[in-house]
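Working notes, structure below.
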Amino acid sequence: MNDIMPRLALESTVIAHGLPYPHNLETARALEALARAHGVEPRTIAVIGGHVKIGLSDAELHHLAQARNVLKLARRDLALAIAQKRDGATTVSATMYLAQRAGIRVFATGGIGGVHRQSSGFSKRYPVFSVQNSETLNTEHRTLNTALDVSADLPELARTPIVVVCAGAKAILDLPATLEWLETFGVPVLGYQSDEFPAFYSRVSGLRVQARVDSPEDAARVIQTHWELGLTSGVLLCVPIPHADEIPRAVIEPYIERALHQAATEHVVGRAVTPFVLQRLAEWTDGMTVRANIALLKNNVVVAAQVARALERIAQT
């Protein structure tokens, strides 16, 4: 290990719960190799046998990829997994918390969690997208109800000073309400070479980011200034999926609505909703969503590595 190289945090939920075997193991190895190729040292984070691991061996990656009964760990679940000596794969919130405690400043993931559709506690009417046909994506307004379902990722972003490089929030979520939450709680949302908040599988959502940055150096200057001001939130750096791997919003949205309807019909609730919906999307699109997910993960690691190196250069000046 070369400890002089900047370190980059990677989550482990994508290995244990996000992708099917063997795609999960292949992707985990590929992400670490990409990080090293771009000048940073990857640290995939997990809890193994009750021990926090800031960096996994290949044997531990293989174990998480195939083991059953691996806990899905948000921040609140960490003590339970450690005390009971369990295996646990870290979500965005747990990865952020552990990475920041280990002195890591940049974290690459796929998409963050957010406010679930039809579950915002806001009283406003927000624009949401509905597909009228396969070619036209229209905006309508929907009054959101008061049954609050907000991912632990959002409050973690509000209180933990780390850069989260992602492809926006997962497309199955209420993106306008998620952006509103981030604004309310003071989390900067930057678009990398884009003016729009990406919609995970899709490059555009019709929603604008707070500001655009066009290079790793631009991003690093904003991030460093944010923290020098004494602000203690994380920073969200949103990177659109590459053009070649995009699933247009008009194509994926009918599948998402169908999957969410099925989840509601089968009374799937809470943290079980996201894996349920992602599994249905993979089945119904013949793996197209899995391929897009892997592509955006790799792209995010490359950008995150560049930003980590830019932050390191600023720190040395």
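All of the numbers you see were taken from the coordinates with simple rules; none came from a lab. All of these numbers come straight from a predicted model, not from anything done at the bench. With ideal geometry, Cβ positions are generated from the backbone for all residues, glycine too; neighbour counts draw on all protein chains shown.
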When only DSSP loop residues count, what GluC sites (Glu not before Pro) in the range 250-284 have their Cβ near at most 12 other Cβ atoms within 10 Å? Glu266
Name the long-range amide H neighbours of Ala171: under 5 Å, sequence gap of 5 or more, or other chain; modelled H, no Pro or chain starts. Tyr201
In Å, descending, principal axis extents of the Cα set of the range 1-53: 32, 26, 13
Prolate/oblate/rounded label for the range 261-317 (Cα gyration tensor, a/c 1.5): oblate
With the convex hull built on the Cα atoms of the range 204-252, state its orientation-averaged projected area in nm². 4.6 nm²
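How charged is the neighbourhood of Pro240? Take every other residue with its Cβ under 11 Å from the Cβ of Pro240, and add Lys/Arg as +1 and Asp/Glu as -1.
Computed value for this residue: -3.
Of all alpha-carbon pairs in the range 146-211, indicate the percentage at a distance above 19 angstrom.
27 percent
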Count neighbours as other Cβ atoms within 10 Å of each site's Cβ, and list the chymotrypsin sites (Phe, Trp or Tyr not before Pro) in the range 231-297 that are DSSP loop with at most 11 such neighbours. none
Debye, to nearest 20: dipole size of the range 1-121, +1 on Lys, Arg Cβ, -1 on Asp, Glu Cβ: 400 debye
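Can you check what the net charge comes to around Gln84, using other residues whose Cβ is under 15 Å from the Cβ of Gln84 (Lys, Arg +1; Asp, Glu -1)? Please list the in-between numbers first.
Numbers: positive: Lys72, Arg76, Lys85, Arg86; negative: Asp77, Asp87.
Net local charge, Gln84 excluded: +2.
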May I ask you to compute the full-extension gain from Arg208 to Lys85, defined as 0.36 nm times their residue separation minus their alpha-carbon distance, rounded to one decimal in nm? 39.9 nm
Other-chain or far-sequence residues with amide H under 5 Å of Ala46's (modelled H): Lys53, Gly55
Amide H neighbours of Leu8 under 5 Å, at least 5 residues apart or on other chains, H built in the peptide plane: list them. Glu41, Arg43
Protection proxy ranking, peptides 50-56, 224-230, average beta carbon neighbours within 10 Å, highest first: 50-56, 224-230
Determine the sum of side-chain charges near Val302: Lys and Arg each +1, Asp and Glu each -1, restricted to other residues whose C-beta is under 12 angstrom from that of Val302. +3
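Can you order the peptides 154-160, 64-70 by their average number of other Cβ atoms within 10 Å per residue, highest first?
Averaged packing, sorted descending, gives the order 154-160, 64-70.
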Return the whole-Å distance between the Cα centroid of the range 87-103 and the Cα centroid of the range 286-317. 17 Å
Pairwise Lys count, the chain - Cα closer than 21 Å, eight or more residues apart or different chains: 5
Give me the percent of DSSP beta bridges within the range 38-91 that run antiparallel, rounded to the nearest 5. 65 percent
Cα-centred dipole magnitude for the chain, charges only on beta-carbon of K, R (+1) and D, E (-1), debye, nearest 20: 620 debye
Quick one: Cα centre-to-centre distance for the range 8-39 and the range 178-217, in angstrom? 24 Å
Convex hull of Cα atoms in the chain, direction-averaged projection (nm²): 15.6 nm²
Using θ = phi - 60° and the Karplus curve 6.51 cos²θ - 1.76 cosθ + 1.60, what whole-Hz ³J(HN,Hα) does each residue of the range 299-313 get, with Gly and Pro shown as x? 4, 5, 5, 4, 5, 4, 4, 5, 5, 4, 5, 5, 5, 5, 5
